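The values are calculated or read from the model by the stated rules, or taken from the named source; none is laboratory data. This one's a predicted model, so the numbers in the text were calculated from it and none came from an experiment. Glycine gets a Cβ as well: all are built from the backbone with ideal geometry, and neighbour counts include every protein chain shown. We work out accessible area using only protein heavy atoms, side chains counted, and drop any ligands, DNA or RNA first. Shrake-Rupley method; radii C 1.70, N 1.55, O 1.52, S 1.80 Å.
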Amino acid sequence: MAERNPLDIEEVKQRARKREPVIPMEQVPDAVRAIRCDIIEMIAKAQSGHPGGSLSLAEILVTIFSQKMRFDPSNPEWEDRDRLILSKGHGVPALYATLSWLGAIPREELWTLRQAGSRLQGHPARALLPVVEASTGSLGQGLSIAVGMALAGRLDHKDYHVFCVLGDGEIQEGQVWEAAMAAPKWKLSNLTAILDYNKGQLDGFVRDIMDIESAAAKWRAFNWHVIEVDGHDPTAIAAAVDDAKTVTDRPTMIVAHTVKGKGVSFMENDMSWHGKAPNEEQTKAALAELGC
Amino acid sequence: MSSAAQTTNGMAIVPEQKFSMRGAYGKALVELGKTHPELVVLDADLSSSTKSGLFGKEFPDRFFQMGIAESNMIGTAVGLASSGKKPFLHSFACFVVGRFEVIKLAVAYNESNVAITGTHVGVGIGEDGYSQMGTEDLGMMRALPNVICLQPADDVEARSAAEFLMDYEGPSYMRITRQNVYRVHDENYRFELGRGEVLRSGTDLTLVASGAPVGYSLLAAERLSGLGISVEVINMASIRPLDGELIAESARKTGAVMTVEDHSVRGGLGSAVCEELAERYPVPVMRTGLREFGGSGTEADNYRIHKLDVDGITDNARSFLEVIRNKA
Ligand SMILES: Cc1ncc(C[n+]2csc(CCOP(=O)(O)OP(=O)(O)O)c2C)c(N)n1
């Protein structure tokens, strides 16, 4: 497994507890690359998992966690932490790798992904691993839980922020739109959703399976503040989160345009890589291309 | 390696050979599509996994890709059925039965002629983990007043059950595995609603099994016979209606019944068998299957952990008989 210059976890903790960037913005692309390496290695070792929808998430998760989240890697139960729910639970290798990079999961544990007895289940399991905010994996459920967290934050006069990452196929679920209606009702400006708009789902391309266009217009019509960004541009993602926080009367949806399988050319936009592991040769090629 | 186990009808399990239940089911849909123009197929972005996509390729006009929207798929199927179509709808068992109340009202209470197929049942799916496992689906579906519940044991039975469902009028639920399974039937086998099937006769213990564990139960019976324990193995593909008469008849002979299923021990085959025996012929029963959340792991690891493999079933059977002996 690739060696990596580990972060100083004490420093991460001090900064992250104050919602300060844990690394300078210029270093985010390097961190993103390292996360992609881990995603490939984890899924290759497990010989199962979802590379396409994990790779598309890398900039989103690394940018938000390293630049915009208030958290304590050694205390997942801290009441004042910002929360991030990965509603598209099958993308969890990207989340595990990011959390491990930040010191919240031991690095050796990454290689136990999907093994019997591992805390790193194929889809997030909060009872086993409290640093994941919600058990997900049945698509469509995360945003409702995020609404509840945002409501609780308001009731308790806490200033934590709630993030929720959704898949583009996932928003075909009716429950997503029930939550989409509820969040503006209570003007939940402490809630930011991010759509990983990678144009693919399991059986094929979203536009062929059940089109969601025009996604941005749909969320706007539901009274969300909507920002469209290039989901592989960390600066744009960070700016969008800043923008979201200036809005005080409604939740924000960041429509992040991404590429499924991003970073590994033979996986990009090829839906056969939704849910299968690379073999030895493909793993080598992927790691070489990523420069791992 | 376990030695081959002979069934009463002469069929021998080949331990090295497993067959795809999903594949056989998907091919059966294609064959049925050729002779039944009223057959329509729906899926919710899992057609490559459930194998309903085979039908979609052959009959694109009669295949409806509904996206990741199971409730809408169920309602749409009911509408199609009310207008003379015979819809077969598909998703993972957990996701489709997860929309239970839609099934309860739109499918069951309308007495809708809809066939629901849930795949990827139990801990046998392996690495994806609990969120993708159908582990309580039978408990829910069996509770509805008019929904028949089927669980084939192998590819041959999956095909035959699909053929049966094509001609059946009314709501139905069938659960099938992700993983390949042992073949326990020969090609001429025909599924019959409400009928259990004695795959092996014995006198000391009745094993009532359903789904993937049937093959393992036969192999365990073979091993137990080497230990001087004579085991009767019943395959119960029709879980509702259940062949209570056959179970009671076997219980009269053996005096002890153990159920084996890749499903929660609450609400599934084990519960159904207990209900029948309580009314017909009470004997000691041991329900085996899932008692807690399933998790990620290989299929083999999961079957070992939940004692659904040959070792686990053998072990459970021995300790069950031991408990009975000590009480006597
Ligand atoms: C309710 C539900 N239905 C079906 C599935 C099976 N499934 C897993 S991933 C997936 C496709 C998800 O597509 P998308 O949300 O676009 O994710 P991405 O393409 O980013 O991987 C499906 C259908 C599921 N996990 N949950």
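Which residue pairs have Cβ atoms closer than 6 Å, lie 6 or more positions apart in sequence or on different chains, and pair a first residue in the range A:158-169 that is within 11 Å of chain B (Cβ to nearest Cβ) with a second residue that is more than 16 Å from the ligand (Cβ to nearest atom) and of a type in the set (D, E, K, R)?
Hits for this filter: zero, empty list.
Which strands (runs of 3 or more DSSP E) does the range B:7-105 wholly contain that include 2 or more residues that are touching a Lys or Arg at 6+ places or on another chain (Cβ under 9 Å)?
Of the strands (runs of 3 or more DSSP E) lying wholly inside the range B:7-105, those with at least 2 residues that are touching a Lys or Arg at 6+ places or on another chain (Cβ under 9 Å) span B:39-43, B:86-92.
Would you please name the residue that is nearest to the chain's Cα centre (by Cα), looking only at residues in the range B:137-159 that are assigned to a loop (DSSP other than H, G, I, E, B) and within 21 Å of B:GLU169 (Cβ to Cβ)?
B:GLN151
Filter the range B:1-47 down to residues that are open to solvent by 20 Å² or more (accessible area, probe 1.4 Å) and polar (S, T, N, Q) and give me whichever is modelled with the lowest pLDDT.
B:SER2
Can we say B:ASP262 is open to solvent by 60 Å² or more (accessible area, probe 1.4 Å), within 30 Å of A:THR112 (Cβ to Cβ) and more than 14 Å from every other protein chain (Cβ to nearest Cβ)? Explain how you work it out, then say what you get.
Numbers: open to solvent by 60 Å² or more (accessible area, probe 1.4 Å): no; within 30 Å of A:THR112 (Cβ to Cβ): yes; more than 14 Å from every other protein chain (Cβ to nearest Cβ): yes.
No: the conditions fail for B:ASP262.
Determine whether B:GLU111 is at negative phi and out of contact with any Phe, Trp or Tyr (no Cβ under 8 Å at 6 or more places or on another chain).
no
If I ask for residues that are closer than 25 Å to A:ILE237 by Cα and surrounded by fewer than 20 Cβ atoms within 10 Å (Cβ to Cβ), which ones from the range A:272-289 would you list?
A:GLU289
Test A:ASP242 against the stated conditions and say whether it is open to solvent by 40 Å² or more (accessible area, probe 1.4 Å) and in a helix (DSSP H, G or I). If you could, list the steps in order and put the result at the bottom.
Numbers: open to solvent by 40 Å² or more (accessible area, probe 1.4 Å): yes; in a helix (DSSP H, G or I): yes.
When the stated conditions are applied, A:ASP242 passes them.
Within the range B:106-123, take every residue that is surrounded by 24 or more Cβ atoms within 10 Å (Cβ to Cβ) and part of a helix (DSSP H, G or I) and give me the one that is nearest to the other protein chains (Cβ to nearest Cβ).
The extreme case among them is B:VAL123.
Condition test on A:SER118, is it under 28 Å from A:SER272 (Cα atoms) and free of Cβ contacts under 8 Å to residues at least 40 places away in the same chain? Let's see the steps before the verdict.
Values: under 28 Å from A:SER272 (Cα atoms): yes; free of Cβ contacts under 8 Å to residues at least 40 places away in the same chain: yes.
Answer is yes for this residue.
Within the range A:206-214, is even one residue closer than 19 Å to A:ASP249 by Cα, open to solvent by 60 Å² or more (accessible area, probe 1.4 Å), among the charged types (D, E, K, R) and within 16 Å of the ligand (Cβ to nearest atom)? Steps first, answer last, please.
Kept after step one, since they are closer than 19 Å to A:ASP249 by Cα, are these residues of the range A:206-214: none.
No.
Would you point out which residue out of B:VAL265, B:VAL260, B:VAL273 is at pLDDT 95 or above, under 17 Å from the mean Cα position of the chain (by Cα) and closer than 23 Å to B:ARG183 by Cβ?
On the way: B:VAL265 fails: closer than 23 Å to B:ARG183 by Cβ; B:VAL273 fails: closer than 23 Å to B:ARG183 by Cβ.
On inspection, the qualifying residue turns out to be B:VAL260.
Which is more than 11 Å from B:PRO171 (Cβ to Cβ) and within 15 Å of the ligand (Cβ to nearest atom), of B:GLY129, B:GLY122?
On the way: B:GLY122 fails: within 15 Å of the ligand (Cβ to nearest atom).
None of the others qualify; the one that does is B:GLY129.
Could you tell me whether A:ALA125 is within 15 Å of the ligand (Cβ to nearest atom), of a type in the set (A, V, I, L, M, F, W, C), more than 14 Å from the chain's Cα centre (by Cα) and not in a helix (DSSP H, G or I)? Outline the logic, then answer.
Values: within 15 Å of the ligand (Cβ to nearest atom): yes; of a type in the set (A, V, I, L, M, F, W, C): yes; more than 14 Å from the chain's Cα centre (by Cα): yes; not in a helix (DSSP H, G or I): yes.
Considered against the rule, which asks whether it is within 15 Å of the ligand (Cβ to nearest atom), of a type in the set (A, V, I, L, M, F, W, C), more than 14 Å from the chain's Cα centre (by Cα) and not in a helix (DSSP H, G or I), A:ALA125 comes out as yes.
Kindly indicate the residue of the range A:108-122 that is assigned to a loop (DSSP other than H, G, I, E, B) and open to solvent by 30 Å² or more (accessible area, probe 1.4 Å) and also farthest from the other protein chains (Cβ to nearest Cβ) among those meeting that condition.
Of the range A:108-122, the ones assigned to a loop (DSSP other than H, G, I, E, B) are A:113-122.
With the extra rule that they be open to solvent by 30 Å² or more (accessible area, probe 1.4 Å), the set shrinks to A:115-117, A:119.
On the way: A:GLN115: 6, A:ALA116: 3, A:GLY117: 7, A:ARG119: 10 Å.
Within the range A:108-122, the match that is farthest from the other protein chains (Cβ to nearest Cβ) is A:ARG119.
Would it be correct to say that B:GLU279 is under 11 Å from B:LEU242 (Cβ atoms) and surrounded by fewer than 20 Cβ atoms within 10 Å (Cβ to Cβ)? Show your work before the answer.
Numbers: under 11 Å from B:LEU242 (Cβ atoms): no; surrounded by fewer than 20 Cβ atoms within 10 Å (Cβ to Cβ): yes.
Considered against the rule, which asks whether it is under 11 Å from B:LEU242 (Cβ atoms) and surrounded by fewer than 20 Cβ atoms within 10 Å (Cβ to Cβ), B:GLU279 comes out as no.
On the given criteria, is A:GLN175 within 16 Å of the ligand (Cβ to nearest atom) and open to solvent by 20 Å² or more (accessible area, probe 1.4 Å)?
Values: within 16 Å of the ligand (Cβ to nearest atom): yes; open to solvent by 20 Å² or more (accessible area, probe 1.4 Å): yes.
Against the criterion (within 16 Å of the ligand (Cβ to nearest atom) and open to solvent by 20 Å² or more (accessible area, probe 1.4 Å)), A:GLN175 qualifies.
Considering only the range B:265-307, state which residues are within 14 Å of chain A (Cβ to nearest Cβ) and not in a loop (DSSP other than H, G, I, E, B).
Result: B:GLU299, B:ALA300, B:ASP301, B:ASN302, B:TYR303, B:ARG304, B:ILE305.
Looking only at the range A:156-165, decide whether some residue is on the phi < 0 side of the Ramachandran plot and either modelled with pLDDT under 95 or within 11 Å of the ligand (Cβ to nearest atom) (or both). Give the derivation first.
Filtering the range A:156-165 down to residues on the phi < 0 side of the Ramachandran plot leaves A:156, A:158-165.
Subsequent filtering for residues that are either modelled with pLDDT under 95 or within 11 Å of the ligand (Cβ to nearest atom) (or both) retains A:165.
Yes - at least one qualifying residue is present in the range A:156-165.
Is at least one residue of the range A:142-151 within 16 Å of the ligand (Cβ to nearest atom) and open to solvent by 20 Å² or more (accessible area, probe 1.4 Å)?
yes
Return the only residue of A:SER66, A:SER56 being within 16 Å of the ligand (Cβ to nearest atom) and either surrounded by 22 or more Cβ atoms within 10 Å (Cβ to Cβ) or free of Cβ contacts under 8 Å to residues at least 12 places away in the same chain (or both).
Details: A:SER66 fails: within 16 Å of the ligand (Cβ to nearest atom).
Within the list A:SER66, A:SER56, the selection yields A:SER56.
Let's see how each residue does on (1) modelled with pLDDT under 95; (2) within 30 Å of B:THR288 (Cα to Cα); (3) away from the ligand (no atom under 16 Å from the Cβ):
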position	(1), (2), (3)
B:GLY67	no, no, no
B:GLY98	no, yes, no
B:GLU136	no, yes, no
B:PRO145	no, yes, yes
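What residue, of A:SER87, A:SER54, A:SER144, is within 13 Å of another protein chain (Cβ to nearest Cβ) and touching a helix residue (DSSP H, G or I) at 6+ places or on another chain (Cβ under 7 Å)?
On the way: A:SER54 fails: within 13 Å of another protein chain (Cβ to nearest Cβ); A:SER144 fails: within 13 Å of another protein chain (Cβ to nearest Cβ).
Just one listed residue meets the conditions, A:SER87.
For the range B:88-129, which residues satisfy the criterion of being over 18 Å from the mean Cα position of the chain (by Cα) and not aliphatic (A, V, I, L, M)?
Those that are over 18 Å from the mean Cα position of the chain (by Cα) and not aliphatic (A, V, I, L, M): B:ARG99, B:PHE100, B:GLU101, B:LYS104, B:TYR109, B:ASN110, B:GLU111, B:SER112, B:ASN113, B:GLU127, B:ASP128, B:GLY129.
I need the full set of residues from the range B:214-233 which are in contact with a helix residue (DSSP H, G or I) (Cβ under 7 Å, 6 or more places away or on another chain) and either at pLDDT below 95 or closer than 20 Å to B:ASN180 by Cα (or both), in order please.
B:TYR216, B:SER217, B:LEU219, B:ALA220
Consider only pairs whose beta carbons are under 8 Å apart and that are at least six residues apart or on different chains; among these, list those whose first residue lies in the range B:300-314 and is more than 16 Å from B:VAL265 (Cβ to Cβ) and whose second residue is open to solvent by 10 Å² or more (accessible area, probe 1.4 Å) and modelled with pLDDT under 95.
Once the first residue is more than 16 Å from B:VAL265 (Cβ to Cβ) and sits in the range B:300-314, its partners that are open to solvent by 10 Å² or more (accessible area, probe 1.4 Å) and modelled with pLDDT under 95 give B:VAL310/B:SER2.
Which residues, counting only those in the range B:167-218, are surrounded by fewer than 23 Cβ atoms within 10 Å (Cβ to Cβ) and out of contact with any Asp or Glu (no Cβ under 7 Å at 6 or more places or on another chain)?
Passing the criteria: B:ASP167, B:TYR168, B:GLU169, B:ASN180, B:ASP186, B:GLU187, B:ASN188, B:ARG190, B:GLU192, B:LEU193, B:THR203, B:ASP204.
What's the number of the only condition in (1) more than 12 Å from every other protein chain (Cβ to nearest Cβ); (2) assigned to a loop (DSSP other than H, G, I, E, B) that A:GLY153 fails to meet?
(2)
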